[in-house]
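The values are calculated or read from the model by the stated rules, or taken from the named source; none is laboratory data. What you see is a predicted model, and the numbers here were worked out from it, not measured in a lab. All Cβ positions, even for glycine, are placed from backbone atoms using ideal geometry, and neighbour counts span all protein chains on display.
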Amino acid sequence: MMPSTKAAAAPDRFWRVGWLVLLPALLLGCTATKSTVYFAKAEQALYEARVLEAEVWAPYMWTRANETMKKSREEWAYADFGAAEQLAIEAAELAERATKRAQDNRATGVIPGQMRELPTAAAPASAPATSAPAEAPVTNPTPTPWGG
């Protein structure tokens, strides 16, 4: 006896449905894996910046990189892998900039935000020197109707 065409087509249909279900799962899995790779790169860049004391020598870039990485982790937790990937890439770039700026500031000895000496202005030559103004005598204020 010859097998019916319906019975022969059943395993083929099973594979088609299986691939339709499996393919999106594989693509989503690749996206999550790809963003995890960028996480690792960003974490490594943040570690290198931390070792060079970027939080002291380049605090703005360090804080921005650190906060961007926190936001990236948050987006990843909400399964928004595309946004998480972009934020992780941005965090890695900011951490690399913080590392470079920390190296530059450390080499010059300038701590960001420290007060630098301001130039003093020379007194004009034509202005005569004056003494301190005399204090005005203190008078008793007149009382007000409301007692003040």
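Quick notes on this structure:
- Counting the residues of region 31-56 that are surrounded by 13 or more Cβ atoms within 10 Å (Cβ to Cβ) and under 24 Å from G109 (Cβ atoms) gives 8.
- Each residue in region 24-52 was checked for being modelled with pLDDT of 85 or more and in a helix (DSSP H, G or I), and 15 of them qualify.
- Qualifying residue in region 80-88 (condition: at pLDDT 90 or above, under 30 Å from G109 (Cα atoms) and surrounded by fewer than 18 Cβ atoms within 10 Å (Cβ to Cβ)): no
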